[in-house]
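Report on the structure given below.
The values are calculated or read from the model by the stated rules, or taken from the named source; none is laboratory data. For clarity, every value in this text was computed on a predicted model and none was experimentally measured. FYI the Cβ positions are ideal-geometry reconstructions off the backbone, even for glycines, and counts take in every protein chain you see. These area figures cover heavy atoms from the full protein model, side chains too; ligands, DNA and RNA do not enter into them. Shrake-Rupley method; radii C 1.70, N 1.55, O 1.52, S 1.80 Å.
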Amino acid sequence: QVQLVESGGGLVEAGGSLSLSCTASGCIFSINAMGWYRQAPGKQREFVANINSGGFRIYADSVKCRFTISRNNAKNTVYLQMNSLKPEDTAVYHCKTWGPIDYWGQGTQVTVSS
């Protein structure tokens, strides 16, 4: 079993920045990649970015060059630095782990005002 605790998020004006973090605890040995999905009101959950244990990163096209994902393996924590935020980035952001079993965090709200 893996537990994910997210922090960060909030309200920011368009063009601003926010940072999210997610710390994993429990049976962390099974985790390969960590990352983020988001879900806007009335829309399906969509992939944002992930990073594997070797540091390889994948980004959704919509966030490339604006968001940066990083990981501290010693702290079992993944970070998402979000710059140049747009109103369309408004969503609940969920931390996710990839492994033999996938785990999800509760989510944290990010709201970008125009």
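Return the pair list, or none, for Cβ contacts closer than 7 Å from residues in the range 95-114 that are basic (Lys, Arg) to residues that are surrounded by fewer than 19 Cβ atoms within 10 Å (Cβ to Cβ), at least 6 apart or on different chains.
Taking only residues 6 or more apart or on different chains, the pairs are LYS96/ASP102; LYS96/TRP104.
How many residues does the range 74-114 contain that are within 18 Å of PRO41 (Cβ to Cβ), charged (D, E, K, R) and open to solvent by 50 Å² or more (accessible area, probe 1.4 Å)?
Adding up the residues that qualify gives 2.
Mind telling me which of the residues LYS86, LYS96 ends up being charged (D, E, K, R) and under 13 Å from LEU18 (Cα atoms)?
LYS86
When you look at LEU18, is it crowded, with 17+ Cβ neighbours inside 10 Å and at pLDDT 95 or above, yes or no?
In short, yes.
Being buried (at least 17 other Cβ atoms within 10 Å of the Cβ), part of a loop (DSSP other than H, G, I, E, B) and not charged (D, E, K, R), is that true of even one residue in the range 34-56?
no
Quick grid of which residues meet (1) closer than 22 Å to VAL5 by Cβ; (2) under 12 Å from the mean Cα position of the chain (by Cα); (3) of a type in the set (A, V, I, L, M, F, W, C):
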| site | (1), (2), (3) |
| --- | --- |
| ASP61 | no, no, no |
| ASN72 | yes, no, no |
| THR77 | yes, yes, no |
| GLN81 | yes, yes, no |
| LEU85 | no, no, yes |
| ALA91 | yes, yes, yes |
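With respect to the numbered conditions (1) touching a His at 6+ places or on another chain (Cβ under 9 Å); (2) on the phi < 0 side of the Ramachandran plot, which one is the sole condition not fulfilled by VAL112?
(1)
If you scan the range 21-65, which residues turn out to be over 20 Å from LEU85 (Cβ atoms), of a type in the set (Gly, Ala, Ser) and in contact with a strand residue (DSSP E or B) (Cβ under 8 Å, 6 or more places away or on another chain)?
ALA24, SER25, GLY26, SER30, ALA33, SER53, GLY55
Does VAL63 satisfy the criteria of being crowded, with 20+ Cβ neighbours inside 10 Å, free of Cβ contacts under 8 Å to residues at least 40 places away in the same chain and not charged (D, E, K, R)?
yes
Could you check how many residues of the range 81-103 are out of contact with any helix residue (DSSP H, G or I) (no Cβ under 9 Å at 6 or more places or on another chain) and under 16 Å from GLY8 (Cα atoms)?
10
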